[in-house]
1. Do we have any residue at all in segment A:18-28 that's within 14 Å of the chain's Cα centre (by Cα), away from ligand 2 (no atom under 16 Å from the Cβ) and either at pLDDT below 95 or under 17 Å from B:Ser297 (Cα atoms) (or both)?
2. Out of all the residues in segment B:165-178, is one or more assigned to a strand (DSSP E or B), touching a strand residue (DSSP E or B) at 6+ places or on another chain (Cβ under 7 Å) and in contact (Cβ under 8 Å) with a residue 40 or more places away in the chain?
3. Please go through (1) at the interface with another protein chain (Cβ under 9 Å from one of its Cβ atoms); (2) within 16 Å of ligand 2 (Cβ to nearest atom) for A:Trp84 and return the number of the only condition it doesn't satisfy.
4. Condition test on B:Thr742, is it touching a Ser or Thr at 6+ places or on another chain (Cβ under 8 Å) and more than 8 Å from chain A (Cβ to nearest Cβ)?
5. Could you say which residue among B:Glu438, B:Glu410 is assigned to a helix (DSSP H, G or I) and in contact with a Lys or Arg (Cβ under 8 Å, 6 or more places away or on another chain)?
6. Could you tell me whether B:Gly227 is within 16 Å of ligand 1 (Cβ to nearest atom), at positive phi, part of a loop (DSSP other than H, G, I, E, B) and in contact (Cβ under 8 Å) with a residue 24 or more places away in the chain?
7. Kindly indicate which of A:Asp71, A:Asp41 is charged (D, E, K, R) and either within 19 Å of A:Glu130 (Cα to Cα) or within 16 Å of ligand 2 (Cβ to nearest atom) (or both).
8. Here is a list: B:Gly267, B:Gly281. Which entry is surrounded by 24 or more Cβ atoms within 10 Å (Cβ to Cβ) and within 13 Å of chain A (Cβ to nearest Cβ)?
Amino acid sequence: MPRITVTVDGITYQEDVEPRLLLVHLLRDRLGKTGTPIGCDTGNCGACTVMLDGMSVKSCSVLAVQADGNDVVTIEGLAHGNEWHPMQKAFHEEHALQCGYCTPGMIMAAIDLLRDDPDPSEETVREGLEGNLCRCTGYCNIVRAVRRGAREMSQRSMPEQAEQTEREVRTP
Amino acid sequence: MSEQLDAGLIAEQIAESDQLSRPSGAHEVGKARRRKEDARLVTGRTTWTDNIQLPGMLYVAFLRSPMAHARITRVDTSAARTRPGVVAVYSGQDFADEQGSLPCAWPVTEDIVIPDHPPMAVEEVRYVGEAVACVVATDRYKAADALEAIEVDYEPLDAVIDMTEALAEGSPKVHETGNKAFTWKFAGGDIDAAFRDAPVVIDRTYVQQRLIPTAMEPRAVVATTDGETFTLYSSTQIPHVLRVMLALTTGIPEHKLRVIAPDVGGGFGSKLQVTAEEVLGLLITRRLGKPVKWTESRTEGNLTVHHGRDQLQRISIAAGRDGLIRGVRVDLLADMGAYLMLVTPGIPILGAFMYNGIYKMDAYDFTCTGVFTTKMPTDAYRGAGRPEATFAIERAMDELAHELGLDPIELRRRNWITHEEFPYTTICGLTYDSGNYEAATDRALALLGYDKLRAEQADRRDRRDPVQLGIGVSTFTEMCGLAPSRVLGSLSYGAGGWEHSSVRMLPTGKVEVVTGTSPHGQGHETAWSQIVADALGVPFDDVSVLHGDTSISHKGMDTYGSRSLVVGGIAVLQACEKVKDKARELAAHMLEASADDIEFAAGTFKVRGTDSGKTIQELALATFAAHDLPDRFEPGLDADATFDPDNFSFPHGTHLCAIEVDTETGATKIRSYVAVDDVGSVVNPLIVEGQVHGGIAQGIAQALFEEAVYDSEGNMLTTTMADYLIPSASDLPDFTTDRTETPATSNPLGVKGVGEAGTIASTPAIVNAIVDALRPYGVHDVRMPCTPERVWRTVIAAGETAWVGPGLAGNTGGTAEGNTAWVGPGLAGDTTDRGEPGTAGDRTDWVGPTAAEGTEAEGGDR
Ligand code: FES
Ligand code: FES
C-alpha cells in the first residue's frame, strides 16, 4: 500500500492507503475529520469541498494518494482558536444555513471564490457557487453571507489581508 | 389597481395585528436572533449519523434489485462470505422469520389493501432498488466489494409503470390482490346541482410528476446493542414515532430500545419514515452483537428514499359568468409505488381538504384512488398533498379567469373569503380561524409592480416579441400544524397530533427545555429559547433545548407538517406557565404574602405595590436547598406539558412572479418573485424568512427542474445528482419576501406553521406565469417540469395554428394540451345562490372519509 504524507489543518499525518481511497474517506474515516461531509457520489453537490494547497477541491473526487505531500485545510481548520473566520461569521449573521449539511463545503467554496474576485456581485457569487448545492436555504442568504464575508475580509488592511487570506487557506 | 394602494393602510393593519400578537413585556419573541445551532455547524463539529464511530463497528452494504418486478429464484451468498473482511452475508430468507413488515400507519379506508412489505425481499421484488441481500464487513470498501460476489437469479415479471394502465382490465399485477390500494371519497354540498346548467365549466388534467426529496445528508443508520438494550442512531425526523414502530416491527421491547436522531441534514418529509435499513440494522446488530453502520450513497438514495407527489389530477370547476365558483370536483389517481409505507395513502388525503383553496363555493366532491406500480413507494414530501391541491386549484383558477376574460387577481377577489368573514367554515368542513387575503395580495401586488408588468406584457404581445412576459399568481392557504388528535383519528391516522415538553429550572438558575419536536434545520434550539426567555424572564443564553433522543426526550410526536412551533412550541410555553405557577407559590411563601398578591415581570416575583421580590433564579436555588418550602411543595421548579390543539393552523399568502419566456428557445427566466406570507405571529423573523426562501426554491424546483423518471421497464433514469437536477444558486433569483400578520386564534402565541408554505405556493405561481406568457400562442398548459425543451415543444405544437392574439379574453381553446374548456349555454347573469357569508359550513355535508366503490368509469378518460 502506498504511504502518503499529508498535512491536514496543520497536523502532519503519515498513512498507508489503498490507491483507490478517496481523500474524503481518508479525512472522515481515518483521520476523524468528520467536519467535511459527503452528499453525493458523482461530484455534483460540493458538500465535501476542502482546500488543497490553497485551492478548493471536491474531496470526493480526489484520491488520498493525490494529496501526498500536500496541505489540506478543512472547515475544522478555518477558525483561529475561538475566533471564527469572517466567512463563518457571515454565514451565522446572515442565517445562511439551516440543516448545515452543505455549509462546510459552501464556506470553503466561498473563500476560494474570493481569490478571483474579492468583491463579487450577486451574479458572480451565484455562478461561482454553482457546484455547491443546498436544499434548505434557497440560496438568498448564502449569497448575502458570501458578499458580507467578502466585505469583512477586505476591510482588513490591504497588505495584511493578502497575507492573512493566504494563511487562512493554507495553515491555520 | 395595486399602484393606488394605500401602503399606510397595510402598515396600520400589520401594526395592529402585531400588537394583538405580542404578549406584553415580551422582548425575545419577535427578535431576529442569530441561531444557537450554528456554532457547531459552521465549525464542522457536527454529529451526523455517519460521523459516529463505535469500537468494533462493522459496515453494511445492500445488494439491490436491478429488476422492477421479478421473482427471486436463487440467492447464493457463499462466495461473498469468503471475501476479505466479510463478517456476514444475509439474504431475505435469513430474516424471513423475524423481519416482520414495514408499517403503514394510515389505513385511509376500511377495505384498503396493505400488502406485506418485508424490509428485505424474500420471494419477489417490486421496484428497482429493493434490498435483496447484504454484506457486513470491517470497512465500507470491503462491504461494497463483496456485493459483487453475491449471485441472485430472477425470473422477470411485468413492470407496472403507468397508473391508468395499471387500473385497466388485464393489467399485470403488482400484488396478487391487484393494483388498486383504495378509493377514498369526500363530498360537501350538492355537486350535481352545482354543475347542472353551470354557465362555465373548466375541466383540466394536471400531472404532478414524481419527485425525489433529496435532503443533502444521505440517510445513515448506526445500530448497537449490549445484549439486552438496543440503541439506534438514525438520520430521521421522527425518533419517537420510529421507536414505537421499530418496537412493534422487530419485537424489541419498547423500553429496551433507544432511538437517537443526532444532527440531521434536512428531511423535507423524506426522513418521516420507518425504513428497511433501520429495521435490518437492528436485526443485524442483534445477530452479531457488534455495532453496525450503513450510510447510503446518493444513487442508492435516489432509488430508495421514498418519493413525493406522482399524481394525476383531474379538476373541474363550475362557475357563473361573473366568475363566482359553484362547485369543484376532483378526481385523483395517486401513485403509491410498490408498497404502502408509513403514511403513503394519507398523503393525497391531506390534500383533499385543500382543493377549495381560499375560495367560497357551494359544493365540493373529491375522489382519490391509490394505485400500486412497480416503483419506489411515495410518501411525505414538503407539503404532502397540499402542494398538489394548491397547484390544481390555482392553475384551474387561472384557466377560469382566462375563459372569462378576467384578470386572475380579480377572479380570486370575487371568490375568496374576505377578512371580515373569519372564522370561516369551508365547504370541506375546516374552520379557517384567521386570515386577510386582501392585505397579503395588495402588498404583493405593490411589491411586484403588477400593473406596470401587465403593461409591459401587453406591449410585448403587441410587438410579438419572441420573448414574452408572463405573470404568475398563486393565492394559497394550507392546513398544517398536524395537529388535532381527534381529527387525525377521524381520518384513520394511526397516531395523535399532540406534542410534549418539559421545562426545568436548574439550581444555578439556568433552564433546560426538553422538547418532543425533532429539528433538522428548523432552529428549534433558538426559537424555543426565545419563547422560554420571555415566559420565564430569563436570559436567552441561559436556556438549553434538548431533543432527538428518546432517553432524554421520552415523549414526542416529532417534526413534520409544519407542526413544531404551533404544537411543540406551545407545549414549551405551557410548561413554562406551570413552572411559573409553582414559582409564584414559593415566592408567596418566602415573601410572606398571598399568592394573589404576587406579580411576575421580567423574571421577578414581587409583592404588588412593594419592592420586595424574588427572582426566578433565587427561587430555583431555594427549591434545590428545599430548606424552607411551603407544605406539600415538591422540591424543584419543573413541569411537563402536553399540548393538543383544537384546530389546524392556516397560514396563507400571495406569491407573484414575473417570468420571461423565450418562445424561440423555450428558455424561461424568473425576473422577479414576490412572496407575502401570513404565518401569524412570528417568533423569529430570520428563521421564518429562511423557511420561506427554502420552500419557494423547492416549489420552483418542481415547476422547472425536477422529475424522477422511470423507463417503461421500471428502471430509474435519474439516479444521480447529474440526472436529477436540484437547483443551484445560479438557477434561482433573489426572492422578495414580506409578511402580513393575522394571529392564529388556535394557540396562545398566535403562530401558524411556516415550513411548507413556500413550497405549496410557488409551484403554481411559476407555471401560471409560463402559461400566461404563452397565452397568445394558444397554450393552456405546460407539463412540469417546464424545461426549455418542453416549453419549446409546447409552443411549436400550439404554434401550428397559432398566434391567437394579445387579448386576455375570449379564447376557448385549450386543445393544445388535449384539455377542453367547455363553455356551457350562455346563461345571462349569475344564478348561483351563495348564501350568507359564513354559513357555508351549515350546508356542508361531511360525509367522508368513506370507503367506496372504484372510479373505473372515469378512468378511461385519462
Ligand atoms: S460529496 Fe463531493 S461533490 Fe458531492
Ligand atoms: S443548509 Fe441544509 S443543505 Fe444547505
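1. Taking every residue of segment A:18-28 in turn, at least one turns out to be within 14 Å of the chain's Cα centre (by Cα), away from ligand 2 (no atom under 16 Å from the Cβ) and either at pLDDT below 95 or under 17 Å from B:Ser297 (Cα atoms) (or both).
2. Checked segment B:165-178: at least one residue is assigned to a strand (DSSP E or B), touching a strand residue (DSSP E or B) at 6+ places or on another chain (Cβ under 7 Å) and in contact (Cβ under 8 Å) with a residue 40 or more places away in the chain.
3. (2)
4. yes
5. After applying the criteria, what remains is B:Glu438.
6. So B:Gly227 fails the test.
7. A:Asp41
8. None of the others qualify; the one that does is B:Gly267.
The values are calculated or read from the model by the stated rules, or taken from the named source; none is laboratory data. Being a predicted model, the structure only gives us computed values, none of them experimental. No Cβ is skipped: glycine too gets one built from the backbone with ideal geometry, and neighbour counts run over all protein chains shown.
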